[in-house]
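The values are calculated or read from the model by the stated rules, or taken from the named source; none is laboratory data. Worth saying up front: this structure is predicted, and the values here are computed from it rather than measured. We place every Cβ from the backbone using ideal geometry, glycine too, and count neighbours over all the protein chains shown. Surface areas here come from the heavy atoms of the whole protein model, side chains and all, with no ligands, DNA or RNA. Shrake-Rupley method; radii C 1.70, N 1.55, O 1.52, S 1.80 Å.
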Amino acid sequence: MIPVIERSGGKVLVRASVEQIIVNNGKVAGVRVKKGKESYDIECPMVISSAGLYNTFNSMLPKHVSQKSYFSKICSDLKPGVATMICFIGLDGTPEELEVKAQNFWAFTNSDITATAEKYLSMESESALDEDVPLLFISFPSTKDPQWAKNPDRQGKTTMQIITLSNFDWFKAWQDKPVKNRGDEYDEVKNTIGHKMIEQACQLFPQIRDKIVYTEIASPLTNQHYIAQPNGEIYGLDHTMERFDPWMVAQLRPETDLPGLYLTGQVISDIISKFPRPHYDSGSR
């Protein structure tokens, strides 16, 4: 993606957080970014935000500007998506040796998906640690990458990803602690749930059990830190019936009511998440 942007005359800034979308005379005029200890204003007549509805209208825009937008009311009427936990797994072996394919798998503990998910997510963290994780999304990302095996360091290796829904409140007590140093209690909650996800995946794919050589477990706080999602979500707005009401879908469009500001990403997508949400009637798979 970066070479395409640069060939078109663009630049990609890393480790440069957006402090504010600059607005002059009722129109977008640029962005203020922080690089190191310094802030810089980048002038431009158009901003396309993929930071999500809440970050864009509650954090990046000046309050007196965002309050005039109907998107601020949408922020109040809807709610963020459910938090997630993710396990990143490194496997020793090729896809052929491990007998895995470029496919996605959904695993549920029973056929009453909605009730089971609601019960699990409403638990206190202590209770959730003793329960099976009720739903898993499992994939093998490296099998989908045609360039993967061309790198000598990747030959004979396969990656695996496991995702599930989570309750942000289980981790909220540690959100102000430094990343990678949140304490033993946090690690216990995160790792207990994460290793349970891995164990359940191994029951479905027993051939990988002795081939796991790398494990990284991400909690909702990981998502909050690295992708700046306020509640540890990865799928934008909550996928409720209200979110997909035809009038709401019509309002959540790329062009906003602030001249020069456009949205992209899940916030303006009408694609249902891979996970069935409580209150959304989805058949079991």
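Some notes on this structure:
- Complete set of residues in region 11-60 that are exposed (fewer than 11 other Cβ atoms within 10 Å of the Cβ) and touching a helix residue (DSSP H, G or I) at 6+ places or on another chain (Cβ under 7 Å): 12
- Filter pass, residue 222 being β-branched (Val, Ile, Thr), under 11 Å from the mean Cα position of the chain (by Cα) and open to solvent by less than 70 Å² (accessible area, probe 1.4 Å): yes
- Condition met for residue 148 (surrounded by 14 or more Cβ atoms within 10 Å (Cβ to Cβ), without any contact (Cβ under 8 Å) to a residue 24 or more places away in the chain and over 30 Å from residue 248 (Cα atoms)): yes
- From 16, 51, 83, residue being more than 20 Å from residue 231 (Cβ to Cβ) and either within 25 Å of the chain's Cα centre (by Cα) or modelled with pLDDT of 95 or more (or both): 16
- Per the listing 164, 143, the residue uniquely part of a helix (DSSP H, G or I), modelled with pLDDT of 95 or more and of a type in the set (Val, Ile, Thr) is 143.
- Qualifying residue in region 123-132 (condition: open to solvent by less than 50 Å² (accessible area, probe 1.4 Å), part of a helix (DSSP H, G or I) and closer than 14 Å to residue 83 by Cβ): yes
- Per-region count, region 116-147, residues more than 23 Å from the chain's Cα centre (by Cα) and more than 19 Å from residue 192 (Cβ to Cβ): 2
- Checklist (1) over 29 Å from residue 80 (Cα atoms); (2) open to solvent by 70 Å² or more (accessible area, probe 1.4 Å) applied to residue 208, failing item: (2)
- Where a residue in region 30-58 is touching a residue at least 60 places away in the same chain (Cβ under 8 Å) and its partner, wherever it lies, is charged (D, E, K, R), with Cβ under 9 Å and at least six apart: 45/27; 52/233
- Taking the numbered list (1) closer than 30 Å to residue 170 by Cα; (2) open to solvent by less than 20 Å² (accessible area, probe 1.4 Å); (3) in contact (Cβ under 8 Å) with a residue 60 or more places away in the chain in turn, residue 69 passes all entries but (1).
- Qualifying residue in region 171-184 (condition: closer than 28 Å to residue 102 by Cα, out of contact with any Pro (no Cβ under 8 Å at 6 or more places or on another chain), open to solvent by less than 70 Å² (accessible area, probe 1.4 Å) and in contact (Cβ under 8 Å) with a residue 40 or more places away in the chain): no
- Residues satisfying the stated conditions in region 86-139, i.e. closer than 28 Å to residue 171 by Cα and of a type in the set (D, E, K, R): 112, 118, 119, 124, 126, 130, 131, 132
- Considering region 15-63, the qualifying strands (runs of 3 or more DSSP E), each wholly inside and each with 2 or more residues that are of a type in the set (Gly, Ala, Ser), run over 16-24, 27-35.
- Residues in region 100-122 that are closer than 21 Å to residue 190 by Cβ, among the small types (Gly, Ala, Ser) and touching a residue at least 60 places away in the same chain (Cβ under 8 Å) were compared, and the one that is most open to solvent (accessible area, probe 1.4 Å) is 107.
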